[in-house]
Amino acid sequence: MAKVSSGLAYPERFYAAASYAGFDGSADSTVGAVASKFSNETALLLYALHKQATLGPCNMPKPKSWKPIEHSKWTSWNGLGDMPSTEAMRLFVKILEEEDPGWYSRVSNNVVEPMVDVKMNQNPEVVVAPDNGNAYPEMKTVATVNGHFLESQDKDVVSEGLEVVSVYDQWVSPPVSGKHPKARYEHGAAVIEDKMYIFGGNHNGRYLNDLQVLDMRSWSWSKVEVQERTDGMTSPCAGHSLIPWDGNKLLSVGGHSRDPSETLQVKVFDLPTCTWSTLKTYGKPPISRGGHSVVHVGTTLVIFGGQDANRSLLNDLHILDLESMTWDEMDPVGVPPSPRSDHAAAVHADRYLLIFGGGSHSACFNDLHVLDLQTMEWSRPIQQGEIPSPRAGHSGVTIGENWFIVGGGDNKSGVSETIVLNMSTLVWSVVTTVQGRVSLASEGATVVLSSYSGEDILVAFGGYNGRYNNEVNVLKPSHKTSLQTKLTERPVPDSLSAVQNNTNATRDLESELGMGQEGKTREIVMENTDSERNIPKVEEMNKNLVAVLKAEKEELESSLANERMHAQQLRQELTEAETRNGDLYKELQSLRGQLAAEQSRCFKLEVDVAELRQKLQTMETLRKEVEILQRQKAASEQAALDARQRQSSGGVWGWLAGTPPDQRANIDES
């Protein structure tokens, strides 16, 4: 959206534009006077927007069809529906800017001032328009480091119906509507689909368990009505972490409560059903705690430190795999951070876990520790830039390689600076500073990352700095431009991802070479013009400078050549590694094919063996049957032989008659 540069704030800017366009704000305004300056379509649209801004949605009866002008005006106005008045004002001025960019230069102060009859009600943050008394919420601005408040003409309206300041690197308070949540700190906050969810927290020593939601499209608060389940609602807690998960779920990890469990509990809130449940996990979970840090890395949650129910400080490390729901206690090598709670944690490049600050029972810290999640090794790198002061109870959020830290305290006062760490170069810098006892300089506040009009914004809520807060503040960071300028003023240390940044370093070296040559050449020219009387000396100095520049140039070119050679070697090694990986993958695919063929062959052999075993069993049965038949046959043959012998002996009568055996045989033969 093009920024309106009239120098007036709403609604003043709107009434000035309406006056110039030909609308006097009365109900009898017609399109004819405006059509002389604009086309009929533009005049109708401006008329409708003016009516919407001053009278609200169209509730007039539809004119008769035989009144074409009135019918067109009604149709245009009615088509805006329930568009908010501030949005109608914004569109009115925007269209006027597009149609007539120089309109404001032709409007004198004598014309503008009478048209702006604005009354202030009891709330200095609300402006009442003169036509119908509609309230237009105005933006509050937090004082900057210089103690000045941003003027209304410096605001860039970017919201849909509500004004949200998009001034870079300044905290502002959007015009939030709805019933505000109870003031609190040590709560949990998470963003899902342009909505910030707030759960639990501490208010006057009382733990909370309400779930509130801020719609960052309309900037309105509402309370989530939790549905009862058999396992009941989650108990009130504070010092926990709220993590968005699986697109439509919230994970509440740990926290202090009145009746703490022995182990760390993970609660799940399902947005579609508005129900709480306990996440069923396996393995050995950590002991219960609060003030710990939780970061979401890939499909795991990494939990570090905190304070248990007995107020004992911790520095242990646990990982929960969200796919297998299994806990794993890690034992990294190296020197871990000292036991602490209320610190901040972030992850860089899905590999490096960064721990900053926190506190013990008697001191606050400003040390920075890094854990390589692949090698599981702790290190304590050297911090660069404007090293932050010790603090605890701060909150952080990452945008790319930049880690923004907001708030915190040192047991004496709140921290007023909003700082940022470039996680690749480990360089700190200050983004902005607030003044006074504001919620941004407090402990236990939350900061989340959201987007508005396609740009990243930080949204802070709550905190405690002598009083409990429930304010919402927004900051639009300019880290993509300002941080690069700040970093070039300092020597860059070893990067956590040097190989990834090698190409960028080569480009920066080339840029530095060109800028350095140009800057020194300009200095030489200026010295020549200012030293006309000492031309010989100047020429000699120029020769010396040229020699120095040539030497520096040669040195830089040599360094650049080395960097390019190193980059070429890295690219060659990467190509070779990819080639080896390709060959290994092909070999793996071939082995998988051979294995599949062998498995198929083994299966066939198993089938053949089973068939042979079945045949062996059948042959054994047949063998037994053959033996039985053989015995039966032998018995039959023996019986037949005995019968023949009896017949050949003549029987009993022949024996009794005394016939000799030879004669009996002859008798038998005859």
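Every number here is computed from the coordinates shown, using simple stated rules; none is lab data. Since the structure is predicted, the reported quantities are computational estimates derived from the model, not experimental observations. All Cβ positions, even for glycine, are placed from backbone atoms using ideal geometry, and neighbour counts span all protein chains on display.
Arg571 to Met330: extension gain in nm, 0.36 nm per residue of separation minus the Cα-Cα distance?
Details: separation 241, 0.36 × 241 = 86.76 nm, distance 3.47 nm.
Residue separation times 0.36 nm, minus the Cα-Cα distance, leaves 83.3 nm.
Between Glu627 and Leu279, the simple label model (points 7 Å from Cα in the Cβ direction) yields a spacing of 7.0 nm.
Summarising the label geometry, the points placed 7 Å from Cα in the beta-carbon direction at Val226 and Asp169 lie 4.2 nm from one another.
What FRET efficiency do you get for Cys602 and Glu193 if R0 is 51 Å and r is their Cβ-Cβ distance, rounded to the nearest 0.05? Walk me through the numbers before you get to the answer.
Numbers: r = 53 Å, r/R0 = 1.04.
Here the calculated transfer efficiency is 0.45.
Site pair Arg564 and Met376 shows an inter-label distance of 4.5 nm when each label is modelled 7 Å from Cα along Cα→Cβ. Given a cut-off of 28 Å, name the pairs among Lys195/Lys267; Lys182/Lys412; Lys195/Lys284; Lys195/Lys412; Lys223/Lys476; Lys267/Lys412 whose C-alpha atoms lie farther apart than that in the structure shown. Pairs exceeding 28 Å: Lys195/Lys284; Lys195/Lys412; Lys267/Lys412.
Packing, taken as the mean count of other beta carbons within 10 Å per residue, orders the peptides 402-409, 84-91 from highest to lowest as 402-409, 84-91. Loop-resident chymotrypsin sites (Phe, Trp or Tyr not before Pro) (DSSP state other than H, G, I, E or B) in region 247-333 with no more than 10 further Cβ atoms inside 10 Å of their Cβ are absent.
First measure r as the distance between the Cβ atoms of Lys179 and Ala349, then evaluate 1/(1 + (r/R0)^6) with R0 = 51 Å and state the FRET efficiency to the nearest 0.05. Working shown, then result.
Values: r = 41 Å, r/R0 = 0.81.
After rounding to 0.05, the efficiency reads 0.80.
For the pair Lys550 and Ser478, a Förster radius of 35 Å applied to the C-beta separation gives a FRET efficiency near 0.35, rounded to the nearest 0.05. Among 554-563, 364-373, 626-635, sorting by the average number of other beta carbon atoms lying within 10 angstrom of each residue, highest first, gives 364-373, 554-563, 626-635. Over 20 Å intervals from 0, what percent of Cα-Cα pairs in region 171-487 sits in each interval? Values per bin, smallest distances first: 34, 61, 5.
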